[in-house]
Amino acid sequence: MDESTKEIDLVELLGELLKRIKFIIFITVLLGGIAFAYAKFVLPLQYTSKISMYVKNSDSKDSSQLQLGDINASKSLVSTYIVILQNDSVIDKIGERILEEYGADDLEDYLSIAYDDDDKPYIVTSSLRNCITLSAEQDTEVLLISVTTKSAALSVSICNAMEEVGPDEIKRVTQAGSVQVIGKAKYPKSPSGPNTKKYMLIGLVLGFVISAGIVVVRKLLDTTIKTGDDIRTRFDFPILGEIPDIESKETKGGYYK
């Protein structure tokens, strides 16, 4: 067998991992703790506010006229309305209202502010869009709008702006159907993030992968000869005899005091 070629014994590799289990546990716990501390003490708190909109396939206010087909059509319209509400023109209109309410100086800590050629401030569209999550609530005709920022008041304000702008923009674009806002955006009583458990889990997984990877790589790169089997495997030389390690309890010939 070529000296540069090394056969990988999975049982031996597993044994090496078990032998280094303390090192693996230490690195795993260490990175998990670092990730938890980073999420807990370094990352800023996040606050989430939500509103819901009921999507109707027709403008009729008589609930008795609603048919199963209308309900199914409303469900399919939710995905269309999501695309409309995520459009740049809609997000920019929401940004204008938020900018009027707070001012550029107060928003710089929460959203990206840019200036046009006339030195007029505006909220970067992608920055505001990343704060807004739209989805169909449990596969129903209800559109859920969730806003998450580093400010509880700002999250509520964006929800309110979406409530004001969204329905009119949907009617303007589709020329059919309607949406009705369900309730009002509530001020979040407690932070919604960061998710410390998620960060800790990611840290634990990374710690295990990195530590186990180090052990495996060291094992694969280890070219030292430890037993007669290593000589037979690499050089195909006959072994005339072996001198046992009398200090080792693992010696096949027994343990000598």
Checklist outcome for this item: Going through (1) under 22 Å from G193 (Cβ atoms); (2) modelled with pLDDT of 95 or more one by one, K93 fails only at (1)
Next on the checklist: Filter region 138-158 down to the residues that are surrounded by 17 or more Cβ atoms within 10 Å (Cβ to Cβ), closer than 18 Å to Y54 by Cβ and over 23 Å from the mean Cα position of the chain (by Cα) and list them by number.
Outcome noted: E141, V142
Item to check | Filter pass, L77 being at pLDDT 95 or above, buried (at least 16 other Cβ atoms within 10 Å of the Cβ) and more than 30 Å from K120 (Cβ to Cβ) | outcome: no
Item to check | Selected residue (only one of S127, S89 is farther than 22 Å from I170 by Cβ, in a helix (DSSP H, G or I) and either in contact (Cβ under 8 Å) with a residue 60 or more places away in the chain or in contact with a helix residue (DSSP H, G or I) (Cβ under 9 Å, 6 or more places away or on another chain) (or both)) | outcome: S127
Checklist entry - Which of (1) outside any loop (DSSP other than H, G, I, E, B); (2) assigned by TED's automatic domain parsing to the domain that holds Y102 does D118 not meet, given it meets every other one? => result (1)
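Looking only at residues in region 186-204 that are in a loop (DSSP other than H, G, I, E, B) and of a type in the set (K, R), which one is modelled with the lowest pLDDT? Talk me through it step by step, then tell me what you get.
Step one: list which residues in region 186-204 are in a loop (DSSP other than H, G, I, E, B), which gives 186-192, 194-195.
With of a type in the set (K, R) added as a condition, the list becomes 186, 189.
Working: K186: 92, K189: 88.
The selected residue is K189.
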Checklist entry - Scanning region 134-176 for residues that are among the small types (G, A, S) and outside any strand (DSSP E or B), which turns out farthest from I91 (Cα to Cα)? => result A176
Next on the checklist: Looking at region 159-172, can you tell me whether even one residue there is surrounded by fewer than 16 Cβ atoms within 10 Å (Cβ to Cβ), within 21 Å of P44 (Cα to Cα) and either of a type outside the set (V, I, T) or without any contact (Cβ under 8 Å) to a residue 40 or more places away in the chain (or both)?
Outcome noted: no
Checklist outcome for this item: Going through (1) modelled with pLDDT of 95 or more; (2) touching a strand residue (DSSP E or B) at 6+ places or on another chain (Cβ under 9 Å) one by one, E141 fails only at (1)
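The values are calculated or read from the model by the stated rules, or taken from the named source; none is laboratory data. Please read these numbers as outputs of a predicted model, since none were measured by experiment. Glycine also receives a Cβ, built like all others from the backbone with ideal geometry; neighbour counts cover every protein chain displayed.
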